[in-house]
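Participant: Below is a structure I'd like to ask you about.
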Amino acid sequence: MTARPVIVTDIARADAAVVDALAVHGVATVHEAMGRTGLVGPGIRPIQDGARIAGSAVTILSWPGDNLMIHAAIEQCREGDVLVIATTSTSSDGAFGDLFATALKARGVRGLVTTTGVRDVADLRAMGFPVWSSAVHAQGTVKATAGSVNVPIVVAGATVRPGDVVIADDDGVVVVPRFEAADALAAADARVEKEAADRDAYGSGAQLSLDRKGLRQTLADLGVTYVTQAEYDDGGR
């Protein structure tokens, strides 16, 4: 928690076109393109299948079992944002449900990433509001303790700063620092082009990945040898 509870009202956001393009690439491609950085831990999972989003992070740091600051954060959200919640200690309480999602959807928010639990999941799925959370849990919460909005938080090992690009899909969640968004997009574009060429080579049967990636020499350097079954059986006696 910051020294005093605050709500920061004027955060900077990444270029909207860059954010949308990163969403097309998805979590795995962007994570690899950034040198395997920014990935949120596997405990944060989607409650739905097939959703892929990216948006600018509006962050919340709350106390466990308390959703007061979600109410406060909605006012700070705008079109193209993703709401991201962390608590000061572990909490699986159902701090978020369909009423919050209704308010956020009306403001153009693209989804939620939270270290807390969520509830009303059937309603969330039906209304098409995607969520990535640590748990599904109907436990209710209070509105009693001050937290902060739009401060740096940590979500399952990944630092999220206000305005960072948050990408989420069936593979999980990855965070791109706002100042690195354009570079991450360029690297992701290059990776997609390379993988398309690999896919063509493998799909046509023209080349094996062992040869295309030069891995035969790696195997040799590691002492891996090729033997026949008879040679293997004889050597095992």
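The values are calculated or read from the model by the stated rules, or taken from the named source; none is laboratory data. Remember, it's a predicted structure, so these values are computed and weren't measured experimentally. Virtual Cβ from ideal backbone geometry, glycine too; neighbours counted across all protein chains shown. All accessible areas refer to the heavy atoms of the entire protein, side chains included, with ligands and DNA or RNA removed. Shrake-Rupley method; radii C 1.70, N 1.55, O 1.52, S 1.80 Å.
Participant: Once you've got the GNM for the chain with C-alpha springs shorter than 10 Å, pick whichever of G163, G214, G128 has the biggest mean-square fluctuation.
Facilitator: Largest GNM mean-square fluctuation: G214.
Participant: So in segment 78-232, what percent of DSSP beta bridges are antiparallel if you round to the nearest 5?
Facilitator: Details: 8 of 18 bridges.
In segment 78-232, DSSP labels about 45 percent of beta bridges as antiparallel.
Participant: Note down, for segment 186-227, the three equivalent ellipsoid semi-axes (square root of 5 times each alpha carbon gyration tensor eigenvalue), biggest first, whole angstrom.
Facilitator: Result for segment 186-227: semi-axes of 26, 14, 5 Å.
Participant: Something else now. Over segment 1-80, what is the relative contact order in whole percent, taking alpha-carbon pairs under 8 Å and six or more residues apart?
Facilitator: For segment 1-80, the relative contact order is 34 percent.
Participant: Measure off 7 Å from each Cα along the Cα-to-Cβ vector at I7 and D198, then give the distance between these two points in nanometres to one decimal.
Facilitator: Those two pseudo-labels are separated by 4.6 nm.
Participant: With the Cα gyration tensor of segment 90-233 in hand, give its eigenvalues times 5 under a square root as the equivalent ellipsoid semi-axes, listed largest first in whole angstrom.
Facilitator: Numbers: eigenvalues 402, 83, 58 Å².
After scaling each eigenvalue by five and taking roots: 45, 20, 17 Å.
Participant: Next question. Out of the total accessible area of the chain (probe 1.4 Å, heavy atoms of protein only), what percent is carbon and sulfur? Could the numbers behind the result be given before it?
Facilitator: Values: 6410 of 12060 Å².
The computed percentage sits at 53.
Participant: Here's something else I'd like to know. Could you order I53, I7, I60 by accessible surface area, starting with the largest, using a probe radius of 1.4 Å?
Facilitator: Values: I53 20, I7 75, I60 0 Å².
The ordering from most to least exposed comes out as I7, I53, I60.
Participant: Which distance in nm do the two modelled labels at A144 and Q48 give, with both placed 7 Å along the Cα-to-Cβ direction?
Facilitator: Placing both labels 7 Å beyond Cα along the Cβ direction yields 3.3 nm.
Participant: How much accessible area per residue does the chain have, in Å², with a 1.4 Å probe?
Facilitator: Accessible area per residue: 51 Å².
Participant: Which FRET efficiency value, to the nearest 0.05, do you get for F179 and L219 by plugging their Cβ-Cβ distance into 1/(1 + (r/R0)^6) with R0 = 35 Å?
Facilitator: Numbers: r = 40 Å, r/R0 = 1.14.
In this case the efficiency is close to 0.30.
Participant: State which stretch of the chain is the longest one without any exposed GluC sites (Glu not before Pro), exposure meaning a DSSP loop state and at most 15 other Cβ atoms within 10 Å.
Facilitator: Details: sites that count: E75, E79.
My reading of the result: 80-237 is the longest stretch.
Participant: So if each residue of separation counts as 0.36 nm, and I subtract the Cα-Cα distance between Y226 and A17, what length gain in nm does that give?
Facilitator: Numbers: separation 209, 0.36 × 209 = 75.24 nm, distance 5.04 nm.
Taking Y226 through A17 to full extension adds about 70.2 nm, to one decimal.
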